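Working notes for the structure below.
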Amino acid sequence: TLKGKTALITGSTSGIGLASAHILAEQGINLVLHGLMSDEEGASLAQEFSKQYRINAIFDNANLMDSDAISHFMENAIKAMGSIDILINNAGIQHTESVDTFPESKWNAIIAINLTAAFHTIQLALGGMKQNSWGRIINIASVHGLVASKNKVAYCAAKHGIIGLTKVVALECAEHGITANAICPGWVDTPLINDQITDIAREEKRSFEQAKYQLITAKQPLPEMMAPRQIGEFILFLCSDSARSITGSSLPMDGAWTAQ
Ligand code: NAD
């Protein structure tokens, strides 16, 4: 049973991370919540989780662009919770622009948040997992870890990178009862993709809903966005004992996007 274990989910104040936090909390898993919101908002979010699910939940708003902030975050979390049993590297940002003019600052931010932060959190969580001979590391990559799209040079580089990172960690941890996997979602209905939809709506003079449908069906055969909770349910399965042999895998959940 997973009850009483602790999961740390980066970027769990919104979208996939927040929905996944609810799915894990429903199982009695204690939570380290994290994301860009104020201390006050974060404390009340953690309190709501504790009350609703009768779990231990804490919050941190470490900026993942700052490796010192990540160290403090992880140290505090481990001190408060004992160890991190389930590490979900989920926080991410996007910027779409042609490589010709792609700003260096956006490149650096995307590589730092979507890739390098996971290296740091994994490094800091592994000691406790090895001590317990049990751990689950789940990195939220993307179909863009497997295939490319125009105007996503930094995002694709970071997501392809995190798949490589996942594979190495899986090899090194296989004898320690620790699995490491990457989930590769297609379109998920979260705020992350709103800019891409509004760009299409503006350029093609479409409504938001029409632009959204156009964005989805341009690449994804299943003509609907996934709900963030679906990713959470997949995460929960990967945490189970039945999934102990799934490790080092990049697992598409993409409405047949990468089947083509
Ligand atoms: P979201 O924008 O709803 O949430 C992003 C989270 O990351 C928030 O909690 C935010 O506070 C946090 N975050 C952003 N920058 C941060 C920083 N500098 N420091 C700390 N935290 C930071 O996005 P989402 O769609 O839920 O994305 C979650 C993950 O799923 C991302 O890695 C994203 O690339 C991936 N993903 C999303 C989709 C999609 O269609 N939405 C598809 C495939 C993969």
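Please express the Cα-Cα pair-distance distribution P(r) of region 183-260 as a list of whole percents, one per 10 Å bin, running from 0 to the bin with the greatest distance.
Final binned percentages: 18, 40, 28, 11, 3.
Against the longest principal axis of the chain, how steep is helix 208-219, in degrees 0 to 90 to the nearest 10, with axes from Cα atoms?
80 degrees
Kindly express, to the nearest 10 degrees and within the range 0 to 90, the angle between helix 15-25's C-alpha long axis and the longest C-alpha principal axis of the chain.
Here the helix axis deviates by roughly 30 degrees.
Which one of ILE216, LEU238, MET226 is farthest out on the positive end of the charge dipole of the chain, using unit charges on Cβ (Lys, Arg +1; Asp, Glu -1) and the Cα centre as origin?
It is LEU238, whose Cα lies furthest towards the positive end.
Based on other C-beta atoms within 10 Å, arrange ASP100, ASP189, ASP85 from fewest to most.
Ordered from fewest to most neighbouring Cβ atoms within 10 Å, ASP100, ASP189, ASP85 come out as ASP100, ASP189, ASP85.
Over what distance in Å are the Cα centres of region 3-55 and region 178-253 separated?
21 Å
Please report the equivalent ellipsoid semi-axes of region 130-260, computed as sqrt(5 x eigenvalue) of the Cα gyration tensor, largest first, in whole Å.
32, 15, 11
What's the magnitude of the charge dipole for region 24-130 around its Cα centre, counting Lys and Arg as +1 and Asp and Glu as -1 at the beta-carbon? Answer in Debye, nearest 20.
For this selection, approximately 440 debye.
Can you put LYS51, LYS130 in order of Cβ neighbours within 10 angstrom, beginning with the fewest?
Ordered by Cβ neighbours within 10 Å, fewest first: LYS51, LYS130.
Could you calculate the contour length gain from GLU48 to ASN63, that is, 0.36 nm times the residue separation minus the distance between their Cα atoms, to one decimal place in nm?
Here the answer is 3.1 nm.
Counting Lys and Arg as +1 and Asp and Glu as -1, each charge on the Cβ, what is the dipole of region 151-260 about the Cα centre in debye, to the nearest 20?
Computed charge dipole of region 151-260: roughly 220 debye.
Let me have the relative contact order for region 192-249, percent, based on Cα pairs under 8 Å that are six or more residues apart.
Contact order relative to length: 17 percent.
Tally Lys/Arg at +1 and Asp/Glu at -1 over every other residue whose Cβ is under 13 Å from the Cβ of GLY186; what's the total?
Within the 13 Å Cβ shell, the charges total -1.
All other residues with a Cβ under 14 Å from the Cβ of ALA43 taken together, and with Lys, Arg as +1 and Asp, Glu as -1, what is their net charge?
-4
Run the dipole for region 25-73 about the Cα centre, Lys and Arg Cβ at +1, Asp and Glu Cβ at -1, nothing else charged, and hand back the magnitude in debye, nearest 20.
So the dipole magnitude of region 25-73 works out to roughly 280 debye.
Report, to the nearest 10°, how far helix 67-81 tilts away from the longest principal axis of the Cα atoms in the chain, using its own Cα long axis and a range of 0 to 90°.
That works out to roughly 40 degrees.
What percent does the relative contact order of region 141-201 come to when contacts are Cα pairs within less than 8 Å and at least six residues apart?
36 percent
Values in this text are rule-based calculations from the coordinates and carry no lab data. Quantities reported herein were computed from a predicted structural model and do not represent experimental measurements. Every residue, glycine among them, receives a Cβ derived from its backbone with ideal geometry; neighbour counts consider all protein chains shown.
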